[in-house]
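Trainee: Here it is, the structure, as C-alpha coordinates.
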Amino acid sequence: MKLYCHPGSTTSRAVMLFAAEARIPVELQVVDLFTGEQYQPAYESINPNHLVPVLEDGSFRLTESSAILKYLAEKTGSAAYPADLQQRARVNEAMDWVNTQLNRDFCYGFVYPQIFSFHKRRSDEAHQAQLAWGRERAQGWLKVLDSHFLGGGKAYLCGDKITLADYFAAPFVHVGELTGSDLAAYPNVRAWLGRLKALPTWSKTFEAITAYGASLQGQPLVAV
(Lines give C-alpha, C1' and ligand atoms only; values in the text may rest on other atoms or scores of the structure.)
Protein backbone atom coordinates (compact mmCIF):
# COMPACT_ATOMS: atom_id res chain seq x y z
CA MET A 1 0.00 0.00 0.00
CA LYS A 2 1.08 3.57 -0.64
CA LEU A 3 0.12 6.67 1.32
CA TYR A 4 0.37 10.02 -0.43
CA CYS A 5 1.01 12.42 2.43
CA HIS A 6 3.03 15.29 3.87
CA PRO A 7 4.48 15.45 7.40
CA GLY A 8 3.24 19.03 7.75
CA SER A 9 -0.34 17.93 7.06
CA THR A 10 -2.41 17.42 10.21
CA THR A 11 -4.64 14.86 8.51
CA SER A 12 -1.62 12.99 7.14
CA ARG A 13 -0.04 12.69 10.56
CA ALA A 14 -3.13 10.95 11.95
CA VAL A 15 -2.81 8.17 9.38
CA MET A 16 0.99 8.07 9.58
CA LEU A 17 0.84 7.68 13.37
CA PHE A 18 -1.69 4.86 13.31
CA ALA A 19 0.10 3.00 10.52
CA ALA A 20 3.40 3.29 12.37
CA GLU A 21 1.98 2.18 15.71
CA ALA A 22 0.05 -0.71 14.18
CA ARG A 23 3.09 -1.68 12.08
CA ILE A 24 1.07 -1.60 8.90
CA PRO A 25 3.45 -1.71 5.92
CA VAL A 26 2.65 1.49 4.06
CA GLU A 27 4.98 3.23 1.61
CA LEU A 28 4.99 6.97 2.27
CA GLN A 29 4.92 9.09 -0.89
CA VAL A 30 5.46 12.72 0.10
CA VAL A 31 3.48 15.28 -1.88
CA ASP A 32 5.24 18.64 -1.56
CA LEU A 33 2.43 20.95 -0.51
CA PHE A 34 4.74 23.93 -0.15
CA THR A 35 5.78 23.87 -3.83
CA GLY A 36 2.26 23.20 -5.07
CA GLU A 37 2.77 19.62 -6.19
CA GLN A 38 -0.82 18.89 -5.18
CA TYR A 39 -2.03 21.15 -8.03
CA GLN A 40 0.00 19.48 -10.74
CA PRO A 41 -1.89 17.31 -13.26
CA ALA A 42 -0.10 14.15 -12.11
CA TYR A 43 -1.45 14.49 -8.58
CA GLU A 44 -4.79 15.92 -9.64
CA SER A 45 -5.42 12.61 -11.39
CA ILE A 46 -4.88 10.91 -8.03
CA ASN A 47 -6.95 13.32 -5.94
CA PRO A 48 -8.92 16.09 -7.70
CA ASN A 49 -9.40 17.73 -4.28
CA HIS A 50 -5.67 18.64 -4.31
CA LEU A 51 -5.36 17.33 -0.76
CA VAL A 52 -3.52 14.70 1.23
CA PRO A 53 -3.65 11.99 2.41
CA VAL A 54 -4.64 9.46 -0.22
CA LEU A 55 -4.30 5.73 0.32
CA GLU A 56 -3.54 3.52 -2.66
CA ASP A 57 -4.12 -0.20 -2.21
CA GLY A 58 -3.53 -1.80 -5.59
CA SER A 59 -5.99 -0.19 -7.98
CA PHE A 60 -8.12 1.09 -5.10
CA ARG A 61 -7.68 4.70 -4.01
CA LEU A 62 -9.25 6.30 -0.95
CA THR A 63 -9.27 9.92 0.19
CA GLU A 64 -10.20 11.48 3.57
CA SER A 65 -8.10 10.61 6.60
CA SER A 66 -11.02 9.37 8.70
CA ALA A 67 -12.07 6.91 5.99
CA ILE A 68 -8.45 5.82 5.45
CA LEU A 69 -8.00 5.08 9.16
CA LYS A 70 -11.13 2.93 9.22
CA TYR A 71 -10.09 1.09 6.08
CA LEU A 72 -6.64 0.31 7.45
CA ALA A 73 -8.09 -0.82 10.78
CA GLU A 74 -10.63 -3.11 9.16
CA LYS A 75 -8.11 -4.49 6.68
CA THR A 76 -5.74 -5.43 9.50
CA GLY A 77 -8.33 -6.40 12.11
CA SER A 78 -7.13 -3.71 14.51
CA ALA A 79 -8.72 -3.54 17.95
CA ALA A 80 -8.51 0.25 17.63
CA TYR A 81 -11.75 0.05 15.66
CA PRO A 82 -13.95 -2.19 17.85
CA ALA A 83 -16.21 -4.77 16.23
CA ASP A 84 -18.97 -4.21 18.81
CA LEU A 85 -21.65 -2.05 17.17
CA GLN A 86 -22.10 0.46 19.97
CA GLN A 87 -18.39 0.76 20.74
CA ARG A 88 -17.67 1.38 17.06
CA ALA A 89 -20.46 3.95 16.95
CA ARG A 90 -18.75 5.84 19.79
CA VAL A 91 -15.50 5.88 17.83
CA ASN A 92 -17.33 7.14 14.74
CA GLU A 93 -19.09 9.77 16.84
CA ALA A 94 -15.83 11.11 18.26
CA MET A 95 -14.13 11.17 14.86
CA ASP A 96 -17.05 13.00 13.26
CA TRP A 97 -17.03 15.50 16.13
CA VAL A 98 -13.34 16.20 15.63
CA ASN A 99 -13.88 16.75 11.90
CA THR A 100 -16.98 18.92 12.08
CA GLN A 101 -16.40 20.87 15.30
CA LEU A 102 -12.84 20.93 16.66
CA ASN A 103 -11.02 20.93 13.32
CA ARG A 104 -13.20 23.62 11.81
CA ASP A 105 -12.91 26.18 14.60
CA PHE A 106 -9.67 25.30 16.42
CA CYS A 107 -7.48 24.44 13.44
CA TYR A 108 -8.95 26.30 10.46
CA GLY A 109 -10.48 29.12 12.46
CA PHE A 110 -7.67 29.80 14.94
CA VAL A 111 -4.38 27.93 14.48
CA TYR A 112 -3.85 27.79 10.72
CA PRO A 113 -4.43 31.53 10.13
CA GLN A 114 -1.51 32.12 12.51
CA ILE A 115 1.01 29.53 11.36
CA PHE A 116 0.38 29.29 7.61
CA SER A 117 0.62 32.46 5.52
CA PHE A 118 -1.89 31.17 2.95
CA HIS A 119 -4.55 30.99 5.69
CA LYS A 120 -4.01 34.57 6.88
CA ARG A 121 -6.91 36.97 6.29
CA ARG A 122 -6.54 39.81 3.80
CA SER A 123 -6.44 42.69 6.26
CA ASP A 124 -5.13 43.04 9.81
CA GLU A 125 -8.62 43.93 11.01
CA ALA A 126 -10.16 40.86 9.40
CA HIS A 127 -7.33 38.69 10.66
CA GLN A 128 -7.67 39.82 14.27
CA ALA A 129 -11.45 39.43 14.12
CA GLN A 130 -11.00 35.89 12.83
CA LEU A 131 -8.59 35.00 15.63
CA ALA A 132 -10.90 36.41 18.29
CA TRP A 133 -13.86 34.49 16.89
CA GLY A 134 -11.85 31.29 16.39
CA ARG A 135 -10.34 31.47 19.87
CA GLU A 136 -13.72 31.77 21.53
CA ARG A 137 -15.13 28.88 19.52
CA ALA A 138 -12.05 26.74 20.10
CA GLN A 139 -12.23 27.25 23.85
CA GLY A 140 -15.80 25.96 23.81
CA TRP A 141 -14.86 22.80 21.91
CA LEU A 142 -11.80 22.15 24.07
CA LYS A 143 -14.06 22.38 27.11
CA VAL A 144 -16.33 19.74 25.57
CA LEU A 145 -13.31 17.57 24.84
CA ASP A 146 -12.05 17.98 28.39
CA SER A 147 -15.30 17.46 30.29
CA HIS A 148 -17.37 15.23 28.02
CA PHE A 149 -15.06 13.05 25.97
CA LEU A 150 -12.31 12.83 28.58
CA GLY A 151 -14.25 13.47 31.77
CA GLY A 152 -14.87 10.90 34.48
CA GLY A 153 -11.32 9.64 34.55
CA LYS A 154 -11.28 8.27 30.99
CA ALA A 155 -7.78 7.70 29.64
CA TYR A 156 -8.88 7.92 26.01
CA LEU A 157 -11.73 9.46 24.05
CA CYS A 158 -13.88 6.33 24.04
CA GLY A 159 -12.87 4.70 27.31
CA ASP A 160 -9.81 3.07 28.78
CA LYS A 161 -8.35 1.80 25.50
CA ILE A 162 -6.85 3.72 22.61
CA THR A 163 -8.98 3.77 19.46
CA LEU A 164 -8.93 5.35 16.02
CA ALA A 165 -10.60 8.39 17.57
CA ASP A 166 -7.46 9.11 19.59
CA TYR A 167 -5.10 8.67 16.65
CA PHE A 168 -7.35 10.94 14.60
CA ALA A 169 -7.88 13.66 17.21
CA ALA A 170 -4.35 13.96 18.61
CA PRO A 171 -2.76 15.81 15.65
CA PHE A 172 -5.62 18.33 15.58
CA VAL A 173 -5.15 19.13 19.28
CA HIS A 174 -1.36 19.03 19.19
CA VAL A 175 -1.13 21.62 16.42
CA GLY A 176 -2.37 24.22 18.90
CA GLU A 177 0.98 23.98 20.68
CA LEU A 178 2.55 25.75 17.70
CA THR A 179 0.78 28.92 18.85
CA GLY A 180 2.05 28.54 22.41
CA SER A 181 -1.11 26.90 23.74
CA ASP A 182 -0.17 24.71 26.72
CA LEU A 183 -3.74 23.45 27.36
CA ALA A 184 -3.34 24.13 31.09
CA ALA A 185 -6.99 25.15 31.26
CA TYR A 186 -7.95 21.68 30.04
CA PRO A 187 -6.15 19.21 32.34
CA ASN A 188 -7.86 16.10 30.97
CA VAL A 189 -6.95 17.07 27.42
CA ARG A 190 -3.39 17.83 28.43
CA ALA A 191 -2.99 14.47 30.19
CA TRP A 192 -4.56 12.61 27.27
CA LEU A 193 -2.26 14.30 24.76
CA GLY A 194 0.67 13.37 26.98
CA ARG A 195 -0.34 9.71 26.72
CA LEU A 196 -0.42 9.94 22.94
CA LYS A 197 2.96 11.68 22.88
CA ALA A 198 4.38 8.73 24.81
CA LEU A 199 3.63 6.37 21.91
CA PRO A 200 6.87 4.91 20.50
CA THR A 201 6.45 6.37 17.00
CA TRP A 202 5.10 9.79 17.98
CA SER A 203 8.43 11.65 17.90
CA LYS A 204 9.39 10.44 14.43
CA THR A 205 5.92 11.08 13.01
CA PHE A 206 5.81 14.59 14.45
CA GLU A 207 9.45 15.63 14.04
CA ALA A 208 8.82 17.77 10.95
CA ILE A 209 5.92 19.74 12.45
CA THR A 210 7.84 20.11 15.73
CA ALA A 211 10.75 21.63 13.82
CA TYR A 212 8.36 23.93 11.98
CA GLY A 213 6.87 25.02 15.29
CA ALA A 214 10.33 25.87 16.60
CA SER A 215 10.82 28.17 13.60
CA LEU A 216 7.74 30.17 14.66
CA GLN A 217 9.16 31.11 18.06
CA GLY A 218 9.35 34.84 18.56
CA GLN A 219 6.37 35.57 16.36
CA PRO A 220 3.33 37.32 17.89
CA LEU A 221 1.08 34.27 18.16
CA VAL A 222 -2.14 34.02 20.16
CA ALA A 223 -2.62 31.02 22.46
CA VAL A 224 -5.93 29.47 23.38
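The values are calculated or read from the model by the stated rules, or taken from the named source; none is laboratory data. Because the structure is predicted, anything quoted here is derived from the model rather than measured. Virtual Cβ from ideal backbone geometry, glycine too; neighbours counted across all protein chains shown. Side chains included, ligands, DNA and RNA excluded: accessible areas come from the protein's heavy atoms. Shrake-Rupley method; radii C 1.70, N 1.55, O 1.52, S 1.80 Å.
Trainee: Just the ratio, please: alpha-carbon radius of gyration of segment 115-224 over 2.2 N^0.38 Å, N its number of residues.
Mentor: Against the compact-globule rule of thumb, the ratio is 1.15.
Trainee: Here's another thing I want to ask about it. Counting pairs of alpha carbon atoms under 8 Å apart in space and at least six apart in sequence, what relative contact order in percent does segment 85-216 give?
Mentor: Computed value for segment 85-216: 27 percent relative contact order.
Trainee: Something else about it: What does the accessible area per residue of segment 2-76 come to in Å², with a 1.4 Å probe and no ligands, DNA or RNA counted? Before the final figure, lay out each step's value.
Mentor: Numbers: 3570 Å² over 75 residues.
Heavy-atom SASA per residue in segment 2-76 reads 48 Å².
Trainee: Now for a different question. Segment 1-111: D in µm²/s via Stokes-Einstein (Kirkwood Rh, Cα pairs, 25 °C, 0.890 mPa s)? Can you show the working numbers first?
Mentor: Working: Rh = 14.9 Å.
Calculated translational D: 165 µm²/s.
Trainee: Something else about it: Between segment 121-190 and segment 28-82, what is the separation of their alpha carbon centroids in Å?
Mentor: Going from one Cα centre to the other spans 25 Å.
Trainee: Report for the chain the percent antiparallel among DSSP-assigned beta bridges with both residues inside it, nearest 5.
Mentor: Rounded to the nearest five, the antiparallel share is 65 percent.
Trainee: Could you give me the ³J(HN,Hα) list for segment 149-160, computed from phi with Karplus coefficients 6.51, -1.76, 1.60 and θ = phi - 60°, whole Hz, x at Gly and Pro?
Mentor: Working through the residues one at a time gives 5, 10, x, x, x, 5, 7, 9, 4, 10, x, 9 Hz.
Trainee: Could you please state how large a percent of the accessible area of the chain is carbon and sulfur, counting protein chains only and using a 1.4 Å probe? Don't jump to the answer; show the numbers that get you there.
Mentor: Values: 5630 of 11110 Å².
On the chain, the fraction of accessible area on carbon and sulfur atoms equals 51 percent.
Trainee: At 222 nm, what value in deg cm²/dmol follows for the chain if DSSP H runs of at least 4 each add -39500 (n - 2.57) and the sum is divided by all its residues, to the nearest 500?
Mentor: Rounded to the nearest 500, the figure is -14000 deg cm²/dmol.
Trainee: Running a GNM on the chain with Cα contacts under 10 Å, which residue among Thr163, Thr11, Thr201 ends up with the highest mean-square fluctuation?
Mentor: The residue with the greatest mean-square fluctuation here is Thr201.
Trainee: Ignoring trypsin sites (Lys or Arg not before Pro) that are buried or in helix or strand per DSSP, and keeping those with at most 10 other beta carbon atoms within 10 Å, what is the longest stretch of the chain between them?
Mentor: Between the exposed loop sites, the longest stretch runs 123-224.
Trainee: Restricting to segment 2-76, compute how many DSSP beta bridges are antiparallel as a %, nearest 5.
Mentor: Rounded to the nearest five, the antiparallel share is 65 percent.
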